[in-house]
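First the structure, in the form of structure tokens, and then the observations on it.
What follows draws every value from the coordinates through simple rules; no lab data is involved. Computed from a predicted model, the values in this text were never measured in an experiment. Every residue, glycine among them, receives a Cβ derived from its backbone with ideal geometry; neighbour counts consider all protein chains shown.
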Amino acid sequence: MTDFIGHSNSVYSLAFSPDGKMIASGSEDKTIKLWRTTDGTLLKTIDGHSNSVYSLAFSPDGKTIASGSGDKTIKLWRTDGTLLKTIDGHENTICGLAFRPDGKMIASASWDNTVKLWRTDGTLLKIISVNPDLDLVYSVAFSPDGKTIASGSGDKTVKLWRT
């Protein structure tokens with residue numbers, strides 16, 4: 001077992017790079033940390049959110065990390081820590097992110113009861129109101145062919161949507 005020690009508060013999100021050589025962790029301490037999986041070496045600390053980091057996803061090519069936060073933003077980063085883009089558009093915490101398998105689209109799940117589809121340039125493509133009368137949306141995933149999105153909510157359901 002290898003321990004990855006370095007955050008100053010709770011860790012809320014994790015994502016492996018596609019090649020498995022790196023793991024990203026997002027924390028209540030508002031940072032993202034990149035670690036080498038083989039030995040737990042801290043490679044980079046990324047600062048930029050003003051609230052906890054609740055969700056992380058690597059792009060399929062492993063060159064970009066998407067982070068979602070309680071500050072209601074999605075940020076796209078290079079693995080060297082360079083901020084590429086900040087995407088605004090949710091009205092509450094973003095706690096689920098997924099890249100479409102081709103890397104050209106991101107789905108975000110939020111406590112504002114929506115799943116939103118974005119181009120990686122930040123263009124909003126679609127808003128899916130999951131269930132505004134029930135509960136929060138916690139997670140989102142793309143199917144392997146990228147044509148279907150799954151969302152998980154506090155209303156005890158998993159829903160499938162066509163992109």
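What to note about this one:
- Contact order normalised by residue count of segment 1-46, Cα under 8 Å, 6+ apart, percent: 32 percent
- Label reach from LYS21 (point 7 Å along Cα→C-beta): in segment 44-72, amide nitrogens under 14 Å belong to 61-64.
- Listed residue pairs exceeding 19 Å between alpha carbons, taken from LYS30/LYS63; LYS30/LYS104; LYS72/LYS156; LYS44/LYS116; LYS85/LYS116; LYS33/LYS104: LYS30/LYS63; LYS30/LYS104; LYS72/LYS156; LYS44/LYS116; LYS33/LYS104
- Contact order normalised by residue count of the chain, Cα under 8 Å, 6+ apart, percent: 12 percent
- nm² value of the averaged projected area, convex hull over the Cα atoms of the chain: 9.0 nm²
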